[in-house]
Structures are given as C-alpha cells and as structure tokens.
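Here the structure is laid out as structure tokens; the discussion comes afterwards.
The values are calculated or read from the model by the stated rules, or taken from the named source; none is laboratory data. As the structure is a prediction and not an experimental result, all values here were calculated from the model. Neighbour counts are summed over all protein chains in view; Cβ atoms, including those assigned to glycine, are modelled from backbone coordinates with ideal geometry. The accessibility values were calculated without ligands, DNA or RNA, using every heavy atom of the protein model including side chains. Shrake-Rupley method; radii C 1.70, N 1.55, O 1.52, S 1.80 Å.
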Amino acid sequence: MTALKNDRFLRALLKQPVDVTPVWMMRQAGRYLPEYRASRAKAGDFMSLCMNPAFACEVTMQPLDRYPQLDAAILFSDILTIPDAMGQGLYFESGEGPRFKKVVSTLADIEALPIPDPQKDLGYVMDAVSTIRRELNGRVPLIGFAGSPWTLATYMVEGGSSKDYRKTKTMLYDNPQALHLLLDKLAQTVTSYLNGQIMAGAQAVQIFDSWGGSLSAAAYQEFSLAYMRKIVSGLIREHEGRKVPVILFTKNGGLWLESIADAGADALGLDWTCDIGSARERVGSKVALQGNMDPTVLYAKPEAIRAEVGRILASYGKGSGHVFNLGHGITPEVDPEHAGAFLRAVHELSAQYHE
Ligand code: CP3
C-alpha cells in the first residue's frame, strides 16, 4: 500500500502533534454538490450509487477534488445497508427519506433476523472501500462507518425515520428482552461489518449514534452505550502497521461525555450544543474530540463562518486532539462556496494553535 501523503487526521485522533487542525465534513459527499446530483441522476437513484463501487468511489472523490483542504475521505454508503442485508428491503421514497418493506415488531420477528456476513451479504460495501483506497492512492485517510445498534434499531422498528421513536421506545419499556436481542444481533453485525471495512482498507472508523440523544440517561447507558462499548472491544485496532482510530458520535450526547469517553474509543464526535473547551476539560486526556460547528452556520456569509471557526478553535485551545467537523451532516441547501470558505478558515486560523 502507498504511504499516506497527509495523515494529520489520523495523528489528531491519536493526539499526536499536527501542523494545522485537520478537517472533514459529515455528509461531505451529498446533494449540496451539483456534481453529486449529476452522478445520482446518472446512476438512477441513491441506492444504485451505494451498490456500485465505481459510482460510490466517484462521489466519495468529488468533495476531495473540489476542496483540497479536506483531510479525510469517508466511504460513500449508508448506515441502513445493515437492515437491508438482514432482509428488511430498504428503499427511498423521493423526498420522504428511508423506508423498509418489512418492519420488525415482535420477538419472533427479531429471532428470525439473520446475522449478515459482510463479505457475502455486504460485499458491495467492501468492494467500494477497496476501490476508493486504490483511487485515493495515499492522498488522505479513508473513514469507514456504521450506525450504532440503537440508531439502526429505531429505523428497523419504526420502518423509517421517526420524530419520537414511539414504537422502539414502547418496545424498550414493555419488552426490553426483545430489544436487547435485536441490539445484540446488531452489535455482532456492526462489529464484523466494520472489521470487514478495516480489512478492505478503511483507516479509521466512526459509529453514528444519531438518535442516542433521544434516550433517558439510564436508557442511553443500557440500550445504546453498552452495545457501542461491546463493538469497540471487538474491533481490529491496528492494520497495515498503523493504529485504526475509532470515533463514537452520539448526537445530543453532551450530557454523558465522561461515560462515552470511557467506552474504549479514541475520539468522540460532538454536536454543536456543547462547548468544545468544556468538553475537553471533562474528557481530559482520554480521547480526542471531533466537531462541532452548527451546520446552519454554513448558510451565513463567509466572514461569519470564519468568525465561528475562530471561536471554536479558540475554545478548544492549543495542542493536538481536535478534528474540526460540523456537529451533524452538511445540508443540501448549503452553497458549495460557503463550505470552501469554512474549510479554508480551519487551516488558516488553526496554525497558531500548533507548535
Ligand atoms: O458522510 C458522507 O459523505 C458519507 C455518506 C453517508 C450517507 N449517509 C449518505 C447519504 C453517511 C455517513 C450516512 C450516514 C447516515 N445515514 C446516518 C447517520 C448520520 C446522520 O446523519 O445522523 C443516518 C441516520 C442515515 C439514514 C439516512 N440516509 C437518512 C435519514 C437519509 C435521508 C435523509 C436525507 O438527507 O434525505 C439517508 C439518505 C442519504 N444518505 C443521502 C446521502 C448522501 C441522501 C440521499 C440522496 O441523494 O437523496
């Protein structure tokens, strides 16, 4: 494998010295880019982009080609590939988000769910990872990812996106054994899926616990964090002679940072509701931090974006251990010029915080 030309993302996750703060954006390949919309039209739909390694590679590279400041690439795929591989029949209704043909409602439904084999059942994702690694040719590291068991379970039980997770939470309180069985199957699947991505060439992995923050403090520990801890303990942590850092991102998990920092990962993703300087004090030297600009700041003019970047960098302060990112995914309405101004500001304004 070619040596990495830019490894500041991996170095910052391990709190090793860097020249400037590394940056990438959640959902950096997506609808705000006209070139992405063109590729999607050519492929037909979103899932065809994900399932064809050449298309997945093409759209992964688009933000990197447009923005030379990006310090990492992220596999183009979706967290819902796992429920699809379990037989739920994922599809996207235009403008309505993800949907499933089959919903999981009872213990019997959960008992019947197969545990997918990443090579056999999700081989298209493994192929996308190795194709992208080849195309990157050492430019920047490649991030692999999966959803957390809790977040995946909400989609599987609700049958799609949800505002209040009514069915999943009813199961949590009425039938916790059933939900635990589902979460356990998902934790096994996520572990082997992420290990498959690492073996195929992913150089860091992120677990998206997008809806963990909807739980009570007690339920978060038992139904989300416990399963992420289990996954982390089963991951391959070194490959090709380098550490493979693990990032845990619980959106709205700011109240629980101390316990998330104890789960065994290298870094925590932060949404914009917490102050990154206080978060740094709370987690100490245990983990690096990734985040945390409110993605809506990108609607504002470039000078305002730059000021907000400066504020977050100053709040984190001197030294390594910070990967700049948005606090959640970039939205389709953002002007690509504003995303460029954001990325440039991170590198320009952060040099002063590193020796
Ligand atoms: O970050 C990246 O650039 C990598 C690609 C990526 C996608 N989805 C592509 C995508 C990643 C990391 C995800 C993760 C994902 N998918 C999450 C966790 C992250 C988060 O945002 O909290 C979740 C909850 C999903 C499930 C999902 N996929 C939803 C709810 C939707 C519809 C929402 C929307 O924006 O329409 C998707 C579709 C999806 N996944 C798109 C993209 C680029 C939009 C599809 C399109 O082109 O229309």
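Label region 112-239 by shape, choosing from rounded, prolate and oblate, from the square roots a ≥ b ≥ c of the eigenvalues of the Cα gyration tensor; if a/c is under 1.5 it is rounded, and otherwise prolate applies when a/b is larger than b/c, oblate when it is not. Because a/c hits 1.5 or more and a/b exceeds b/c, region 112-239 counts as prolate. For region 230-355, relative contact order (Cα pairs under 8 Å, six or more residues apart, normalised by length) works out to 22 percent. Here the accessible area is traced with a 1.4 Å probe on the protein chains. For region 93-192, carbon and sulfur cover 47 percent of it.
Rounded to the nearest 20, the size of the Cβ-charge dipole of the chain about its Cα centre is 340 debye, with Lys and Arg at +1 and Asp and Glu at -1. May I ask you to list the GluC sites (Glu not before Pro) in region 214-277 that are in a DSSP loop and have at most 15 other Cβ atoms within 10 Å of their Cβ? Sparse-neighbourhood loop GluC sites (Glu not before Pro): Glu240. Here the dipole of region 148-276 is about 280 debye; that uses its Cα centre as origin and unit charges on the Cβ of Lys and Arg (positive) and Asp and Glu (negative).
Distances between every pair of Cα atoms in region 226-355, grouped in 10 Å steps from 0 to the bin holding the largest one, split as 12, 40, 33, 15, 1 percent.
Normalised by the number of residues in the chain, the average gap of Cα pairs under 8 Å and 6 or more apart makes the relative contact order 22 percent. Since only Ala300, Leu289, Ala339 are under comparison, the one whose Cα sits farthest along the positive direction of the charge dipole of region 285-349, derived from C-beta charges on Lys, Arg, Asp and Glu, is Leu289. Shape summary of the chain, radius of gyration then Dmax from alpha carbon positions: 19.2, 58 Å. Ranking Tyr67, Phe100, Tyr32 by Cα position along the charge dipole of region 27-105, where only Lys, Arg, Asp and Glu carry charges on their C-beta atoms, puts Phe100 farthest toward the positive end. Per residue, region 120-220 exposes 33 Å² of accessible surface when a 1.4 Å probe is rolled over the protein heavy atoms with every protein chain present. In this simple spin-label approximation, Tyr124 and Asn6 carry label points 7 Å from Cα along the Cα→Cβ vector, and these lie 3.0 nm apart.
Taking every DSSP bridge with both residues inside region 8-354, close to 25 percent are antiparallel. Separation of region 11-90 and region 272-316, taken as the distance between their Cα centroids, equals 22 angstrom. Projecting the Cα positions of Ile330, Pro176, Gln119 onto the charge dipole of the chain (unit charges on Cβ atoms of Lys, Arg, Asp and Glu, taken about the Cα centre) puts Gln119 furthest along the positive direction. The GluC sites (Glu not before Pro) of region 91-149 meeting both criteria, a DSSP state outside H, G, I, E and B (loop) and at most 16 other C-beta atoms within 10 angstrom of the site's C-beta, are Glu96. Computed over the Cα atoms of region 18-71, pair by distinct pair, the Kirkwood hydrodynamic radius stands at 11.9 angstrom.
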